[in-house]
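Report on the structure given below.
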Amino acid sequence: MKVNVYSLSGKKTTDALELPKVFEESVRPDLIKKAVLASQTARYQPQGRDPFAGKRTSAEGWGTGRGASRISRVKGSGYSAGGHGAFAPQAVGGRNAHPPMVEKQIKKKINAKERKLATASAIAATAVKELVIERGHIIDKVPQIPLITTDELEALKTAKEVEKALSNLGISADLERAKEKKVRSGKGTMRGRRYKKKKSVLLVIAKDDGISKGAKNIPGIDIVKAEQLGVEQLAPGTHCGRLTVYTKSAIDKIAKRFE
């Protein structure tokens with residue numbers, strides 16, 4: 001499939017580019033989801049409790065016939081000098097009933113061939129206009145999907161230059177959409193994930209000549225080198241079809257990687 005290459009002014013260049021065969025792969029949402037979850041869970045750190053937590057006590061049960069429950073109690077005469085419950089899960093200072101254990105399997109695994117196929121499938125999804133729209137991106141003024149630009153994009157060093165170039169390419173509306181920040185509902189508000197941020201365009205480059213510095217403060221933008229391109233960047237939240245801009249040199253590197 002041949003596509004046009006666009007300059008930073010938003011105009012077609014004289015060169016037409018033949019897309020690599022990886023863009024013709026069938027889209028496999030099931031495999032993409034499996035690969036994203038494997039990538040995310042690989043960063044989890046196993047945690048557990050001390051097996052003797054809440055058990056370091058000489059508490060014993062009093063048995064029956066005292067008109068009191070048979071819970072294990074601290075030794076002493078009366079509640080003030082002892083006699084209060086211990087060891088049991090419901091007692092103050094007692095053990096946890098079902099504590100986290102380091103043996104718990106929290107990592108999802110995926111075969112190497114499956115991961116490679118999932119990445120290829122996610123790349124192919126960036127070339128399907130319907131999937132990009134379904135994911136929520138605004139692409140009314142984007143001239144083509146997938147969008148290929150000249151390598152000049154890699155050398156932009158300021159946010160002003162990056163925003164101007166993306167505006168010329170018709171992506172400004174999607175950047176505005178990504179600036180919206182919502183407060184998460186529920187317990188997540190108290191657990192370090194108060195705000196929900198949207199993802200906008202993904203810039204796939206071959207060489208970083210300043211673009212990472214120029215685009216790092218623009219909400220929703222991610223930058224990744226072609227050799228490091230993974231399914232997690234292409235399908236955030238396991239949903240494929242992300243709006244993606246490739247540089248011409250990045251396409252060549254992707255072709256070599258999946259040949």
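Ignoring the sites themselves, the chain has its longest run without chymotrypsin sites (Phe, Trp or Tyr not before Pro) in a DSSP loop having at most 11 other Cβ atoms within 10 Å at 80-259. In this Cβ point-charge picture (+1 for Lys and Arg, -1 for Asp and Glu), the chain has a dipole of about 1560 debye about its Cα centre. The relative contact order of the chain, computed from alpha carbon pairs under 8 Å that lie at least 6 residues apart in sequence, is 24 percent.
For the pair Phe258 and Glu130 in one chain, pulling the backbone fully straight at 0.36 nm per residue adds 43.7 nm over the alpha carbon distance. For the stretch 58-159, what log10 I(q)/I(0) values come out of the Debye formula at q = 0.24 1/Å, with one point per alpha carbon and no solvent? Values returned for q = 0.24 Å⁻¹ are -1.23.
If you wrap the Cα atoms of the chain in a convex hull and average its projected area over all directions, you get 19.9 nm².
Per the Debye calculation on the stretch 45-106 with a single equal scatterer at every Cα and no solvent contribution, log₁₀ I(q)/I(0) for q = 0.23, 0.25 Å⁻¹ amounts to -0.91, -1.01. Taking the Cα centre of the stretch 98-212 as reference, the dipole from Cβ charges on Lys and Arg (+1) and Asp and Glu (-1) amounts to some 1120 debye.
Can you give the net charge of the other residues whose Cβ lies under 14 Å from the Cβ of Asp208, counting K and R as +1 and D and E as -1? Charge balance in the 14 Å sphere: 0. Among the trypsin sites (Lys or Arg not before Pro) in the stretch 151-204, those located in a DSSP loop and surrounded by at most 12 other Cβ atoms within 10 Å of their own Cβ are Lys179, Arg191, Arg193, Arg194. Scanning residues 5 or more positions from Leu147 or on other chains, those with amide H under 5 Å from its amide H are Thr244, Tyr246, with H placed 1.01 Å from N in the peptide plane.
For the chain, what does the helix formula give at 222 nm: sum of -39500 (n - 2.57) over DSSP H segments with n ≥ 4, over the residue count, nearest 500 deg cm²/dmol? If you can, show how the numbers build up before the last one.
Details: 8 runs with 69 residues, N = 259.
Rounded to the nearest 500, the figure is -7500 deg cm²/dmol.
In plain terms, the residue of Asp209, Asp140, Asp174 with the fewest other Cβ atoms within 10 Å comes first and the most crowded comes last, giving Asp140, Asp209, Asp174. Which distance in Å, rounded to a whole number, links the C-alpha centroids of the stretch 13-76 and the stretch 227-259? The distance from the Cα centre of the stretch 13-76 to that of the stretch 227-259 comes to 30 Å. Among the listed pairs Lys109/Lys216; Lys11/Lys207; Lys33/Lys207; Lys34/Lys104; Lys160/Lys198, those with a Cα-Cα distance over 27 Å are Lys109/Lys216; Lys33/Lys207. Counting other Cβ atoms within 10 Å as a rough exposure proxy, the listed residues Thr244, Thr150, Thr41 run Thr41, Thr150, Thr244 from fewest neighbours to most.
Using the 10 angstrom Cβ neighbour count as an exposure proxy, how do Glu259, Glu163 rank, fewest first? It would help to have the intermediate numbers written out before the result.
On the way: Glu259 8, Glu163 18.
Fewest to most other Cβ atoms nearby, the residues stand as Glu259, Glu163.
Net charge dipole, the stretch 152-228: roughly 940 debye, given to the nearest 20, about the Cα centre with Cβ charges of +1 for Lys and Arg and -1 for Asp and Glu.
Each reported figure results from applying straightforward, stated rules to the coordinates on display, with no laboratory input. Computed from a prediction, not measured in an experiment: that's the story for all the values here. Methodologically, a virtual Cβ is constructed for each residue, glycine included, from the backbone with ideal geometry; neighbour enumeration extends over all protein chains shown.
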